[in-house]
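The values are calculated or read from the model by the stated rules, or taken from the named source; none is laboratory data. Note that the structure is a prediction, hence the values are computed from the model and not measured. A quick note on method: Cβ atoms are made from the backbone with ideal geometry, for glycine too, and the neighbour counts reach across all protein chains shown. Heavy atoms of the whole protein, side chains included, go into the accessibility calculation; ligands, DNA and RNA do not. Shrake-Rupley method; radii C 1.70, N 1.55, O 1.52, S 1.80 Å.
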Amino acid sequence: MPSFDFASKVDAQALDNAVNVVKKEITNRFDFKGSHVVIDLDKKTFKINVETEDDMKMTQLLDVLVNRAHKQGIAPEAFDLSKAGSQIGKAWKKEVEVRNGIKQEDAKKIVKLIKDAGLKVQASIHEDVVRVTGKKIDDLQSVIQASKGWALGVPLQIENMRS
């Protein structure tokens, strides 16, 4: 039976490249000259620790990070910017989590959206991916087209397309 997987993965090397490009750009920008700016990537937990002098520089730095990562092929939805930064002494600190894999509640939403579409396909959750199977490949392509209109806040990739 034809099948494919919905996945949400971030390439660790592309993320590392994006963080390194941001570090270089910040050192060359006039508005950051002489400022205290730290940006570190923890590759094991996919978290980026950011530290700046004030809140305005924090938002500028996060904008640069999201833009550079997007140019590296990482969707902006992959960054969880919802956590508020905290001021410790004179520095602002923020931990940005990079979403890697589909969480259980998001997988359930995807399965529900597929079932609500009324197509003759089955969707099942396998760890951090959602597998969609059907008798006809046209039904699978209809699910892929429908998925482009979903606003889940999670970047989705289609993997393992088998016919």
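Scanning the stretch 128-163 for residues that are touching a residue at least 40 places away in the same chain (Cβ under 8 Å) and of a type in the set (S, T, Y) gives T133, S147, S163. In the stretch 87-105 there is at least one residue that is among the charged types (D, E, K, R), within 18 Å of the chain's Cα centre (by Cα) and part of a helix (DSSP H, G or I). The residues on offer are E105, E53, E159, E127, and the sole one that is touching a His at 6+ places or on another chain (Cβ under 6 Å) and either under 30 Å from R29 (Cα atoms) or open to solvent by 40 Å² or more (accessible area, probe 1.4 Å) (or both) is E53.
Within the stretch 56-86, being within 19 Å of the chain's Cα centre (by Cα), within 17 Å of F32 (Cα to Cα) and open to solvent by less than 30 Å² (accessible area, probe 1.4 Å) holds for L61, L62, V64, L65. Here the stretch 15-28 is the region considered, the condition is being free of Cβ contacts under 8 Å to residues at least 24 places away in the same chain and within 20 Å of K93 (Cα to Cα), and the residue that is most open to solvent (accessible area, probe 1.4 Å) is K24.
The selection criterion, being in a helix (DSSP H, G or I) and among the basic types (K, R), holds for K23.
For the stretch 59-86, enumerate the residues that are part of a helix (DSSP H, G or I) and not charged (D, E, K, R).
Correct list: T59, Q60, L61, L62, V64, L65, V66, N67, A69, H70, P76, A78.
Considering every residue within the stretch 34-51, establish whether at least one is modelled with pLDDT of 90 or more, farther than 30 Å from K108 by Cβ, touching a Phe, Trp or Tyr at 6+ places or on another chain (Cβ under 8 Å) and among the charged types (D, E, K, R). Yes, the stretch 34-51 has at least one match.
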